[in-house]
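Input: a single structure, listed below in structure tokens.
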């Protein structure tokens, strides 16, 4: 397996573990931040359950004193993880 494929597998494994855990990932700022990166607080756009009002994200931001800039950064980081397409690994490794 390539380094990028291993990275994809690691991110997928961590996200799946968090999503299936009974842990309250919103309870502390550090757990909430990690969950936001790996799983996301805005819902799943592919499942049609995106929270357009930002309910969960808005709630977590208020609870943990995240600024608008923090929320935007968290959404960007999550988008990078969620958008990591394993099918592009060969292209990335080939420099394409």
Residue in segment 13-30 that is in contact (Cβ under 8 Å) with a residue 60 or more places away in the chain, in contact with a helix residue (DSSP H, G or I) (Cβ under 6 Å, 6 or more places away or on another chain) and in a helix (DSSP H, G or I) present: yes
Contacts under 6 angstrom Cβ, first residue in segment 59-74 being on the phi < 0 side of the Ramachandran plot, partner modelled with pLDDT of 95 or more and in a loop (DSSP other than H, G, I, E, B), 6 or more apart: 60/26
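The values are calculated or read from the model by the stated rules, or taken from the named source; none is laboratory data. It should be emphasised that the depicted structure is a prediction, and the values quoted were computed from it without experimental measurement. FYI the Cβ positions are ideal-geometry reconstructions off the backbone, even for glycines, and counts take in every protein chain you see.
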